[in-house]
Amino acid sequence: MKDAEILAQFDGRGRAEFLLGGFEAMSSDKITAFAFEFGYDLYATETPSKSTMRLIYERNDSPTARRRAQQTVDRLRAGGPLLAPWAAPGPQPGTTSLKSAIEIAAVRRRLAAYEASGAKGLVVLTALLSLGFLALAWVARGSLGGVIILSMVAVCLAVVAVLIPRWLTRWYEKNRQLIRLYDQQRHGHVGPPPPPPPHPNGPADRQPGQEGGP
């Protein structure tokens with residue numbers, strides 16, 4: 001989907017809808033990134049048919065969102081970029097990893113999907129697969145090797161079904177924190193960094209009678 005077609009929908013109207021079919025669905029994250037810049041939030045994702053999806057965005061009238069939208073308009077008028085990369089915190093302290101606004105939008109969409117449906121669907125699907133392999137093991141009960149293999153797969157799937165909620169909760173919290181930090185830095189509202197840990201040779205670690213320096 002062309003950028004101009006997307007931008008035309010985020011013109012200040014209260015609601016913007018996109019009906020995407022086929023390869024157009026690949027533009028869903030880009031649309032969400034554009035929506036954020038212009039002060040719109042993803043309201044719903046619908047699937048009218050197997051080959052189409054509908055994205056519905058609603059205008060966020062909070063002062064922060066309106067200020068962000070105005071900053072975007074001013075930046076574009078000045079010839080600046082619509083989307084800019086973000087230096088996200090890296091896996092090691094003090095490191096960063098560049099992420100595009102479209103990557104952040106993809107995370108935002110996945111969080112919205114999780115908040116809407118939770119882990120229930122995936123847990124049920126995994127549990128049904130486990131039961132299916134148990135049924136196959138029963139059918140193949142004449143073959144000891146087949147029964148062992150199918151039963152092991154069924155048990156593994158059952159364990160996965162039990163662990164899925166915990167895994168998804170950790171994934172959700174990690175990515176929600178990432179989005180929160182992105183939004184804070186996007187608006188310049190990041191708190192001061194935590195104080196450094198006390199030096200191992202600092203005053204608090206000295207024993208009575210020990211000299212403070214060489």
Boolean, Ile179 is outside the structural domain of Thr32 (by TED's automatic domain parsing), at pLDDT 90 or above, among the aliphatic types (A, V, I, L, M) and closer than 30 Å to Gly94 by Cβ: yes
Residues satisfying the stated conditions in the range 20-34, i.e. touching a strand residue (DSSP E or B) at 6+ places or on another chain (Cβ under 6 Å) and loosely packed, with under 13 Cβ neighbours inside 10 Å: Gly21
One residue from Val190, Val155 being at pLDDT 90 or above and of a type outside the set (Ser, Thr, Tyr): Val155
Odd one out for Ala140, checked against (1) out of contact with any Gly (no Cβ under 8 Å at 6 or more places or on another chain); (2) at pLDDT below 90; (3) more than 30 Å from Leu82 (Cβ to Cβ); (4) outside the structural domain of Leu82 (by TED's automatic domain parsing): (1)
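Residue-by-condition table, conditions (1) at pLDDT 90 or above; (2) more than 30 Å from Ala158 (Cα to Cα):
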| site | (1), (2) |
| --- | --- |
| Leu55 | yes, yes |
| Ala105 | yes, yes |
| Ala112 | no, no |
| Ser117 | no, no |
| Ala127 | yes, no |
| Leu144 | no, no |
Index of the failed condition, Ser28 passing every other in (1) in a loop (DSSP other than H, G, I, E, B); (2) in contact (Cβ under 8 Å) with a residue 60 or more places away in the chain: (1)
When residues of the range 130-149 are limited to those that are small (Gly, Ala, Ser) and in contact with a helix residue (DSSP H, G or I) (Cβ under 7 Å, 6 or more places away or on another chain), the one farthest from Val162 (Cα to Cα): Ala140
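The values are calculated or read from the model by the stated rules, or taken from the named source; none is laboratory data. As the structure is a prediction and not an experimental result, all values here were calculated from the model. Heads up, the Cβs are rebuilt from the backbone with ideal geometry, glycines too, and the neighbour counts pull from every protein chain shown.
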